[in-house]
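Notes follow the structure.
The values are calculated or read from the model by the stated rules, or taken from the named source; none is laboratory data. Worth saying up front: this structure is predicted, and the values here are computed from it rather than measured. With ideal geometry, Cβ positions are generated from the backbone for all residues, glycine too; neighbour counts draw on all protein chains shown.
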Amino acid sequence: MLESREAGSILFHQIISFPAGVPFPPLPEQKGGADKQAARRRRVLVVDDERLIADTVTDILNEHGFNAVGVYSGMEAMEAARRFDPEIILSDVLMPRMSGIELAIRIREEFPETPVVLFSGQAATAELINEARAEGYEFELLPKPIHPRELIARLKEL
């Protein structure tokens, strides 16, 4: 886990567009109070083979109204999806042994109602997405870097 919120902002700047050393401002609270908001926290499974990235994204989502859990491989994600029953899966694309696209296809087969949002900063990702499309699979791809507010807004739309 992170030792400080500032350290998370510095790393997060590398994967998400947010200035280093500046704490992420809280989003406005929704009407209905804390109890009502806590009852509606959406479950998000964050998957990235880089532990610090998965943990940082998980921390930020948890701080902004989500119930997020991070895992570090596609195989862990499949097991966690069965136990955690996420409403959304946010996964990096390029990971060893099982790519985010392979994970997304397996999730779609086992949990057809669960949206999978992929994120990547690698140019090679476009080719993998095109291969999946050719096989009839369509996945949303968010580019790295992305501002945390954009990520949170997109996840809230799902």
Review point. Does the stretch 89-103 contain any residue that is surrounded by 21 or more Cβ atoms within 10 Å (Cβ to Cβ), closer than 18 Å to Ala68 by Cα, touching a residue at least 60 places away in the same chain (Cβ under 8 Å) and within 12 Å of the chain's Cα centre (by Cα)?
Key: yes
Exercise for review: Would you be able to tell me the number of residues in the stretch 136-158 that are surrounded by 15 or more Cβ atoms within 10 Å (Cβ to Cβ) and either of a type in the set (Val, Ile, Thr) or closer than 12 Å to Val117 by Cα (or both)?
Suggested key: 8
Point to revise | Count - residues of the stretch 40-88 that are of a type in the set (Phe, Trp, Tyr) and either without any contact (Cβ under 8 Å) to a residue 12 or more places away in the chain or more than 18 Å from Glu110 (Cα to Cα) (or both) | key: 2
Exercise for review: State whether one or more residues within the stretch 120-129 are closer than 20 Å to Leu45 by Cα, at pLDDT 85 or above and surrounded by 14 or more Cβ atoms within 10 Å (Cβ to Cβ).
Suggested key: yes
Exercise for review: Examine the stretch 55-77 for a residue that is more than 22 Å from Arg41 (Cβ to Cβ), surrounded by fewer than 21 Cβ atoms within 10 Å (Cβ to Cβ) and among the acidic types (Asp, Glu), and state whether such a residue exists.
Suggested key: no
Practice item. Considering only the stretch 104-121, state which residues are more than 16 Å from the chain's Cα centre (by Cα) and in a loop (DSSP other than H, G, I, E, B). Key: Phe111, Pro112, Glu113
Check your understanding: Checking Ser91 against (1) closer than 19 Å to Met75 by Cα; (2) assigned to a loop (DSSP other than H, G, I, E, B), which test does it fail?
Key -> (2)
Study note, to complete from the structure: From the option list Ile107, Ile146, single residue qualifying as under 17 Å from Leu61 (Cα atoms), of a type in the set (A, V, I, L, M) and in contact (Cβ under 8 Å) with a residue 12 or more places away in the chain is Ile146
